[in-house]
1. What is the extension gain from residue 185 to residue 139, computed as 0.36 nm multiplied by their sequence separation minus the C-alpha to C-alpha distance, in nm to one decimal?
2. Mind ordering 120-128, 41-49 by average Cβ neighbours within 10 Å, highest first?
3. Taking 24 Å as the cut-off for C-alpha to C-alpha distance, list the pairs among 62/98; 90/126; 62/131; 98/181 that go past it.
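What follows is calculated from the coordinates using simple rules that are stated; it is not laboratory data. Note that the structure is a prediction, hence the values are computed from the model and not measured. Cβ: placed from backbone, ideal geometry, glycine included. Neighbour counts: every protein chain shown.
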Amino acid sequence: MIFRIFLFSLLASALFTACGGSTDYVPKPRAYNRINLPEHSYTSLPDTFPYDFDYSSHARIKPDSSWIAERYWINLYYPQLDANVQLTYKPLDGSEQKLKEHLRDAYKLTSKHQIKASAIEETVLKTPSGKTAVVEELSGEVPSQFQFFITDSTRHFLRGALYFRTATQNDSLEPVIEYVKQDIIHMLNTLEWERDVSGEGVRE
């Protein structure tokens, strides 16, 4: 009996010391899945597209195989990260009406994630060559964490969205999301429009 009282006193003392005896409690840092990210490196897009940019050398270009896919729609797929950047291109042909339609569709596609998104932050990016892009960063358990579009308002309209082919939660994917976002920003900063796709590489 005396032993039990002694043991209880010892446990109570240890519990008090652990919980109330110190004010220097530090919460554990958020844990992430261990992901080895490669160094950023880039290569040029083939000159068979009406747009050109530097994309990650760790990504593969795959044509969009969906039933709604149009010419020049591609995916930049990262095999190591199981990440995919979907790119959809629309020619404007000088039509203001087409521009309005594509802008409306871009914002509509982003707004579909509002139900699950805890926040959507929009930023206007000015590229070194003077082009303007709009990027949307989505927080929360959303299927697409980063979306964007860029246009010259008269001839070209390019929209993109980042997706992951994994069930891993977004907070655990945060390092990878940030990694691919850097690649996307580099892509936008190096983007040039092609006047034609004849292979001559004439740029605007």
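1. Details: separation 46, 0.36 × 46 = 16.56 nm, distance 1.79 nm.
Fully extending the segment from residue 185 to residue 139 adds 14.8 nm.
2. 41-49, 120-128
3. The answer is 62/98; 62/131; 98/181.
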